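**Student:** Below is one structure. I have some questions about it.
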Amino acid sequence: MSKNARPSSASLKLASRISIDISASLGRNLAEPMNQRCPKCAGALSALEGSVISSCAQCKGFWVPPLGFGEPGVVQRLMELDLRPEHPLEQDHRTGVCPEGHGVLRRARASNEDPYFLERCARCGGVWLDPGEWSRLAAANLLNDVTSLWSPAWREHLSEEHNRASLQSDLRSKLGHEIFGLMESLVAKLSDPAQRALVLAYLQQRLRDR
């Protein structure tokens with residue numbers, strides 16, 4: 001073919017077709033999440049109607065992007081859909097991959113009593129909730145700021161709570177239920193700092209005199 005020869009009509013049509021196919025493919029890749037699979041069981045996720053939240057038909061968990069927590073009526077809606085398992089779930093003992101394709105989710109302990117864990121993507125902020133966890137968060141008034149569960153302050157709170165529970169258990173076993181109960185009742189009634197100081201000083205004096 002000479003330098004001045006023009007491309008044939010068939011060549012132009014082929015080039016145009018390839019360009020259209022590439023554009024369509026890029027459009028699909030940009031529009032679709034990289035990995036719309038459940039982090040725990042790899043089942044397919046389906047978006048709830050009119051919501052950015054997705055659910056897994058297989059294990060019944062929820063994927064909640066940051067905007068999902070602010071959707072009107074979302075607390076009650078998910079509580080109605082949320083299953084409450086009778087026994088701890090095996091899947092709560094492991095993490096998984098972000099459904100949006102951002103890597104491994106970070107775990108956070110939500111409670112010391114009957115402990116359970118949430119998983120969150122550090123990049124997109126989406127949170128994975130196993131069955132029953134949405135209802136437990138709602139009951140504990142933790143849905144207003146779920147991200148705080150990954151903060152150092154929350155970990156410190158759980159640590160202090162655990163230490164306090166351990167101390168109470170130790171004192172109850174050493175003092176007996178009756179004396180420990182009297183002590184707890186007295187502490188609950190002493191709301192004023194000045195009263196607490198007086199009672200503490202009195203007890204110290206009385207115990208020294210015995």
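The values are calculated or read from the model by the stated rules, or taken from the named source; none is laboratory data. Just so we're clear, the structure is a prediction, and the values are computed from it rather than from any experiment. Positions of Cβ are backbone-derived with ideal geometry, glycine not excepted, and every protein chain shown enters the neighbour counts.
**Student:** Counting only residues that are charged (D, E, K, R), outside any strand (DSSP E or B) and within 16 Å of Ile53 (Cβ to Cβ), how many does the range 71-121 have?
**Tutor:** Selection size over the range 71-121: 5.
**Student:** Next question. Suppose we keep only residues that are exposed (fewer than 15 other Cβ atoms within 10 Å of the Cβ) and in contact (Cβ under 8 Å) with a residue 12 or more places away in the chain within the range 82-92. Which one would you say is nearest to Cys56 (Cα to Cα)?
**Tutor:** Checked the range 82-92; the qualifying residue nearest to Cys56 (Cα to Cα) is Leu83.
**Student:** Provide a single number: the residues in the range 118-157 that are touching a helix residue (DSSP H, G or I) at 6+ places or on another chain (Cβ under 6 Å), of a type in the set (Gly, Ala, Ser) and under 21 Å from Cys56 (Cβ atoms).
**Tutor:** 3
**Student:** Regarding Gly61, is this residue modelled with pLDDT of 90 or more, out of contact with any Gly (no Cβ under 6 Å at 6 or more places or on another chain) and under 16 Å from Leu118 (Cα atoms)?
**Tutor:** yes
**Student:** Moving on. Kindly indicate which of Val104, Val74, Val64, Val97 is within 17 Å of the chain's Cα centre (by Cα) and over 20 Å from Ala122 (Cα atoms).
**Tutor:** Val74
**Student:** Continuing with this model, one more query. Here are Arg120, Arg106: which of them is without any contact (Cβ under 8 Å) to a residue 40 or more places away in the chain and within 24 Å of Ser159 (Cβ to Cβ)? Write out each step before concluding.
**Tutor:** Values: Arg106 fails: without any contact (Cβ under 8 Å) to a residue 40 or more places away in the chain.
Checking each option against the conditions leaves just Arg120.
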